[in-house]
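Chemist: Have a look at this one before I ask anything.
The values are calculated or read from the model by the stated rules, or taken from the named source; none is laboratory data. This structure is a prediction, so every number in the text was calculated from the model and none was measured. So basically every Cβ, Gly included, is an ideal-geometry build from the backbone, and we count neighbours across all protein chains shown.
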C-alpha cells in the first residue's frame with residue numbers, strides 16, 4: 001500500500017513569518033513533511049515550487065522547480081502544475097493526495113480514511129474532513145469554512161452520517177487509484193471545466209484543492225461526515241498549522257457571516273445541529289445537485305430581479 005502526496009509551495013517572501021507561532025512558510029512545510037513521513041504506509045512526497053529557495057534545504061521529499069511566469073504565479077497556477085507528474089504516476093500508487101503545505105494530515109486521519117472509504121465509495125459517497133484552527137484564548141479548536149451547522153443526515157446500516165452540503169472544501173483531496181484514474185480523464189482535471197460548490201467563485205488556487213468532490217461535478221452523491229455520539233468522528237479533524245484565520249475577522253461579528261471562507265465560527269464538536277433539529281435526508285442526491293447546477297448557471301437572473 002502506497003501513497004503519492006503532492007504539495008505546492010508558493011514562497012515569494014521566504015523570510016516572512018505567519019500565524020501565532022510566527023514561523024516561515026518553510027517551517028510549516030518542513031513540519032508537515034516530517035509529520036507525513038510518519039504515516040504507516042509507503043509515502044512519497046513531491047513538493048512543487050517556483051524558485052531555488054528549497055535547493056539548499058534538507059527535507060524528505062522530491063523537489064520539482066517549475067518555470068512559471070510571474071503573471072501565472074500570482075494568479076495561482078503553480079497549484080495546477082503538479083498534475084502532469086501525478087498523471088504519469090497513475091499506475092504506481094494505490095492512493096493519491098494533493099495537499100496544501102500547512103494542512104497537517106496525520107496517521108489518525110489516514111486510519112479514518114481507510115476505515116470508511118470502501119463502504120462509502122461503493123455507494124458513491126465521498127468521506128469528509130474538517131479543517132480547524134486553535135483559539136489560544138479559550139484553548140478550543142474551531143472549524144474553518146463551516147458557516148452553518150450541519151442538519152441533514154442519512155443512515156447506512158446503523159451508522160449516522162451528516163451531509164457536508166454547505167462547504168466540503170478542505171484544502172486537500174485524497175482518492176484511491178480507481179477514482180483518481182476517473183478524475184484525470186475529465187475536463188475538471190485539466191481546468192477546462194471550472195469547479196465550484198455553488199457558494200461563490202473559487203480562485204484558481206482553491207479550485208485545485210476542491211478536487212473531484214466539488215459539488216458541480218456530480219461524481220459523488222454527497223460528502224458525508226460520520227457521527228459518533230452526535231459529534232463528528234474525532235479523526236476527521238485536520239489542523240491548519242499556520243493558524244492565521246482565527247483572528248482574521250475579529251473586527252466583524254463572525255456569527256452573522258456565512259459566506260466568508262476562513263471564518264472560524266463553530267467549535268469543532270458543535271458543527272452538527274442539536275438532535276431535535278436534525279433532518280433525516282431521503283431525497284434524490286443527483287436531482288438536488290442538478291437543480292443546484294441550474295440555479296448556479298443562471299444566478300445572474302437573481303441579481304437582475306434584485307435590482
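Chemist: Among the strands (runs of 3 or more DSSP E) lying completely within the stretch 72-176, list those that include at least 2 residues that are farther than 23 Å from residue 30 by Cα and out of contact with any helix residue (DSSP H, G or I) (no Cβ under 7 Å at 6 or more places or on another chain).
Modeler: Output list reads 152-156, 159-163.
Chemist: Still on this structure, I have one more. Return a yes/no flag: does the stretch 122-130 have any residue that is touching a residue at least 24 places away in the same chain (Cβ under 8 Å), over 16 Å from the mean Cα position of the chain (by Cα) and crowded, with 17+ Cβ neighbours inside 10 Å.
Modeler: no
Chemist: Tell me, which residue of the stretch 1-37 that is touching a helix residue (DSSP H, G or I) at 6+ places or on another chain (Cβ under 6 Å) and in a loop (DSSP other than H, G, I, E, B) is farthest from residue 87 (Cα to Cα)?
Modeler: Among those residues, the one meeting the criterion is 14.
Chemist: So, one more: Among what's in the stretch 135-145 and is touching a residue at least 24 places away in the same chain (Cβ under 8 Å) and more than 18 Å from the chain's Cα centre (by Cα), pick the residue that is farthest from residue 224 (Cα to Cα).
Modeler: Taking the candidates together, the pick is 136.
Chemist: While we're looking at this one, here's another question. Could you list all residues from the stretch 81-95 that are crowded, with 19+ Cβ neighbours inside 10 Å and either at pLDDT below 95 or under 14 Å from residue 48 (Cβ atoms) (or both)?
Modeler: 81, 82, 86
Chemist: State whether the residues of the stretch 211-218 include one that is within 22 Å of the chain's Cα centre (by Cα), assigned to a loop (DSSP other than H, G, I, E, B), at pLDDT below 90 and farther than 30 Å from residue 182 by Cβ.
Modeler: no
Chemist: Residue check: is residue 232 at pLDDT 85 or above, touching a helix residue (DSSP H, G or I) at 6+ places or on another chain (Cβ under 9 Å), buried (at least 17 other Cβ atoms within 10 Å of the Cβ) and closer than 23 Å to residue 139 by Cα?
Modeler: The answer is yes for residue 232.
Chemist: Identify all residues within the stretch 267-286 that are farther than 29 Å from residue 140 by Cα and surrounded by 16 or more Cβ atoms within 10 Å (Cβ to Cβ); write none if there are none.
Modeler: If the condition is that a residue be farther than 29 Å from residue 140 by Cα and surrounded by 16 or more Cβ atoms within 10 Å (Cβ to Cβ), then 281, 285 are the ones that fit.
Chemist: Kindly provide the set of residues from the stretch 210-224 that are touching a helix residue (DSSP H, G or I) at 6+ places or on another chain (Cβ under 6 Å) and surrounded by fewer than 22 Cβ atoms within 10 Å (Cβ to Cβ), ordered by number.
Modeler: The answer is 212, 216, 218, 219, 221.
Chemist: Within the stretch 274-291, does at least one residue satisfy the condition of being out of contact with any helix residue (DSSP H, G or I) (no Cβ under 6 Å at 6 or more places or on another chain), part of a helix (DSSP H, G or I) and modelled with pLDDT under 70?
Modeler: For the stretch 274-291, residues out of contact with any helix residue (DSSP H, G or I) (no Cβ under 6 Å at 6 or more places or on another chain), part of a helix (DSSP H, G or I) and modelled with pLDDT under 70: absent.
Chemist: Please tell me if residue 162 is touching a residue at least 60 places away in the same chain (Cβ under 8 Å), surrounded by 21 or more Cβ atoms within 10 Å (Cβ to Cβ) and more than 18 Å from residue 241 (Cα to Cα).
Modeler: So residue 162 fits the description; yes.
Chemist: Scan (1) under 23 Å from residue 101 (Cα atoms); (2) not in a loop (DSSP other than H, G, I, E, B) for the single condition residue 226 breaks and write down its number.
Modeler: Status for residue 226: all satisfied but (1).
Chemist: Sort out which residues of the stretch 38-64 are under 21 Å from residue 94 (Cβ atoms) and part of a loop (DSSP other than H, G, I, E, B), and write them in order of number.
Modeler: The answer is 38, 39, 40, 41, 60, 61.
Chemist: Does the stretch 247-273 hold any residues that are modelled with pLDDT of 85 or more and closer than 17 Å to residue 167 by Cβ, and which are they?
Modeler: 266, 267, 268, 270, 271, 272, 273 - these are the residues of the stretch 247-273 that are modelled with pLDDT of 85 or more and closer than 17 Å to residue 167 by Cβ.
Chemist: Of the residues that sit in the stretch 185-197 and are surrounded by fewer than 16 Cβ atoms within 10 Å (Cβ to Cβ) and in contact with a helix residue (DSSP H, G or I) (Cβ under 7 Å, 6 or more places away or on another chain), which one is farthest from residue 165 (Cα to Cα)?
Modeler: 191
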